[in-house]
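Since the structure comes first, as structure tokens, the remarks are kept for the end.
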Amino acid sequence: MKLGFSISAFQYEELNENSDWYLWLTDEINIANKRVIGELPVNNFYLSKFSQVHEIASKLNASFWRLNLSWGRIFKQKDKRSEEAVSTYKKLLKDLKDRGFKVILCLNHFDLPKWVHDPIVARDSLLTEGPLGWYSEDTINHFLHFSSFVKDNFSEYVDLWCTFNEPNIMILFGYLSGIFPPGITSKRAYQKALRNVLTAHEEVYNLFHREKVGIIFNFPYIQGNEKVKEELFTILKDINFDWIGVNYYTRLVVNEKGQPIDGYGMFCKPNSFSFDNNPCSDYGWEVYPEGLKYVLQDVNKFDKPIIVTENGIADSKDFLRPAFLISHMKAIKESKVNVEAYLYWSLIDNFEWNFGYQMKFGIYTLDLKARPSAYIFKELTSFV
């Protein structure tokens with residue numbers, strides 16, 4: 001099994017103001033309601049220091065790199081592309097290939113250009129004014145055009161394609177729980193937006209005929225209600241993919257109604273212990289490595305190549321991360337599932353959406369200093 005890292009454009013690259021997330025993070029109502037903390041990714045440096053970042057990853061025995069190209073950075077407007085952005089991305093991807101990395105290029109990792117989605121207008125108008133992002137069928141055609149452009153201009157650097165990162169989370173958080181842009185809580189809006197995203201996936205899958213096209217889902221290990229787990233897997237039964245990415249962080253324990261139970265999984269207090277006495281991260285996420293074993297066994301039923309595309313922990317003091325890494329590698333081994341690569345989230349502390357820079361997922365700090373867990377990561381394959 002190979003090692004690698006996953007990143008996303010908005011979380012790693014220099015500030016991009018042509019993003020729906022820029023509008024979301026700077027909205028006065030969101031700041032006042034403490035839905036966001038008022039931070040922007042102004043400390044990011046990936047585009048200007050990508051060679052240095054890739055060198056660090058290479059020295060840690062990483063050979064896989066998963067990223068996305070910023071749609072809003074390449075296309076400032078619908079029909080106006082930035083040649084500077086295209087040139088920078090080609091240099092960045094070439095640097096990865098020259099170092100021997102296998103590149104997974106994701107076409108979308110949450111954020112959209114402002115001309116595709118204005119989440120504040122969408123929210124305040126209750127989805128009657130736009131641009132409306134994934135609530136609008138127009139976005140399917142916009143995304144198809146962008147995907148075609150990326151394929152035509154960057155395919156020589158790409159080993160595996162991915163349409164979406166965690167579309168299940170993106171749409172759930174944006175249109176049902178309301179914590180991501182556009183902050184809507186409507187089952188009807190959720191169903192429509194999810195349908196549009198899955199339609200976009202299928203159209204891109206058909207467009208990229210003969211390429212290796214996958215999709216990445218967030219797979220918590222669901223306990224307490226089989227129907228909830230079935231709903232997650234039903235989405236994947238209705239679409240085509242050549243490989244599947246598993247993002248796993250913790251479990252989800254629910255009651256008979258499918259509602260999360262506090263004290264387990266993502267619903268714990270930060271830096272505490274779960275009701276099962278498992279340690280919890282700075283985020284309040286329970287460390288539950290055995291869940292990865294069961295998730296992999298379930299995903300393996302699709303009979304498609306599997307990559308663990310995200311697994312990580314917010315741990316500023318690096319107390320839990322060393323054991324976290326080793327225990328999750330052992331869970332992969334115990335699953336007896338053929339996993340092509342394990343991609344940690346993430347190499348460097350990243351901008352964590354609504355939480356800004358508060359959550360430290362990196363095995364390196366933002367000033368590129370190694371945490372002790374970096375040395376564990378380098379030797380991870382010896383634990384398999």
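The values are calculated or read from the model by the stated rules, or taken from the named source; none is laboratory data. Because the structure is predicted, anything quoted here is derived from the model rather than measured. Counting neighbours? That spans all protein chains shown, and the Cβs are built from the backbone with ideal geometry, glycine included. Note: accessible area is taken over every heavy atom of the protein model, side chains too, but ligands, DNA and RNA are not part of it. Shrake-Rupley method; radii C 1.70, N 1.55, O 1.52, S 1.80 Å.
How long is the gain from residue 58 to residue 129 if the chain were fully straight, where each residue apart is worth 0.36 nm and the alpha carbon distance is subtracted?
20.9 nm is the gain from fully extending residue 58 to residue 129.
Is there a quick way to get the dipole size of segment 153-238? I mean about its Cα centre, with the Cβ of Lys and Arg at +1 and of Asp and Glu at -1; what is the value in debye to the nearest 20?
In debye, rounded to 20, segment 153-238 gives about 380.
At 1.4 Å probe radius, can you tell me the per residue accessible area of the chain in Å²?
Ligands and nucleic acids excluded, the result is 42 Å² per residue.
Could you work out the relative contact order of segment 105-147, using alpha carbon pairs under 8 angstrom and six or more residues apart, expressed as a whole percent?
Relative contact order of segment 105-147: 32 percent.
List the relative contact order of segment 91-185 as a percent without decimals, with contacts defined as Cα pairs under 8 Å and 6+ residues apart.
Averaging sequence separation for qualifying contacts and normalising by length gives 33 percent for segment 91-185.
Assuming a ≥ b ≥ c are the square roots of the Cα gyration tensor eigenvalues, decide whether segment 257-323 counts as rounded (a/c under 1.5), prolate (otherwise, with a/b larger than b/c) or oblate.
Cα axes put segment 257-323 in the oblate bin.
How large are Rg and Dmax for segment 64-221 when calculated on the C-alpha trace, in angstrom?
Expressed in Å, the Cα Rg and Dmax of segment 64-221 come to 15.8, 49.
Could you work out how far the C-alpha centroid of segment 169-194 sits from that of segment 326-377, in angstrom?
28 Å
Would you mind working out the magnitude of the charge dipole of the chain relative to its Cα centre, with +1 at each Lys and Arg C-beta and -1 at each Asp and Glu C-beta, to the nearest 20 Debye?
In total the dipole reaches around 680 debye.
Would you mind getting me the FRET efficiency between residue 255 and residue 338? Use the beta-carbon distance for r and R0 = 51 Å, nearest 0.05.
0.90
Hey, got the Cα dimensions of segment 97-181 along the principal axes, in Å, largest first?
If we take the Cα atoms of segment 97-181, the spans are 48, 24, 16 Å.
Under a plain spin-label model, where a point goes 7 Å from the Cα along Cα-to-Cβ, how far apart in nm are residue 155 and residue 49?
If labels sit at residue 155 and residue 49, their model points lie 3.5 nm apart.
Would you work out the relative contact order for the chain, in percent, from Cα pairs under 8 angstrom that are 6 or more residues apart?
17 percent.
Suppose R0 equals 56 Å. What FRET efficiency, 1/(1 + (r/R0)^6) with r the Cβ-Cβ distance, do residue 81 and residue 323 give to the nearest 0.05?
Rounded to the nearest 0.05, the efficiency is 0.75.
May I ask you to rank 229, 34, 378, 91 by accessible area, largest first, using a 1.4 Å probe over the protein chains only?
In descending accessible area the options line up as 34, 91, 378, 229.
Summing +1 for each Lys or Arg and -1 for each Asp or Glu, what net charge is found among the other residues whose Cβ lies under 14 Å from the Cβ of residue 226?
-1
Rounded to the nearest 500, what is the 222 nm mean residue ellipticity of the chain from helices alone, with -39500 (n - 2.57) per DSSP H run of 4+ residues and division by all residues?
Computed ellipticity for the chain at 222 nm equals -11500 deg cm²/dmol.
Taking amide H atoms as placed 1.01 Å from N in the peptide plane, list the residues 5 or more away in sequence, or in a different chain, whose amide H sits under 5 Å from that of residue 221.
Those lying under 5 Å, H to H, from residue 221 are 250, 251, 252.
Show 6, 48 ordered by accessible area, largest first, where the area counts protein heavy atoms only and the probe is 1.4 Å.
48, 6
Using only the Cα atoms of segment 204-284, each taken as one equal point scatterer with no solvent, compute I(q) by the Debye sum, divide by I(0), and report log10 of the ratio at q = 0.14, 0.26 Å⁻¹.
Here log10 of I(q) over I(0) equals -0.60, -1.20.
Starting from the alpha-carbon convex hull of segment 1-108, give the projected area averaged over all orientations, in nm².
Value for segment 1-108: 8.0 nm².
At a 1.4 Å probe, what is the % contribution of carbon and sulfur to the accessible area of the chain?
Its accessible area is 48 percent carbon and sulfur atoms.
Where the centroid of each part is defined by its Cα atoms, how far is segment 1-48 from segment 84-142 in Å?
Value for the Cα centre distance between the two parts: 13 Å.
Could you give the distance between the Cα centres of segment 206-257 and segment 52-73, to the whole Å?
25 Å
With a sphere of radius 9 Å drawn around the Cβ of residue 263, what net charge do the other residues whose Cβ falls strictly inside it have (Lys, Arg +1; Asp, Glu -1)?
-2
Please list the non-local residues whose amide H lies under 5 Å from the amide H of residue 69, H modeled 1.01 Å from N, same-chain partners needing a gap of 5 or more.
For residue 69, the qualifying residues are 106.
Using the Cβ atoms and a cut-off under 15 Å, what net charge is assigned to the surroundings of residue 103, where Lys and Arg are +1 and Asp and Glu are -1?
+4
Which one, (1) 9; (2) 6; (3) 13, gives percent of Cα pairs over 41 Å apart as derived from the coordinates shown?
Label of the calculated value: (2).
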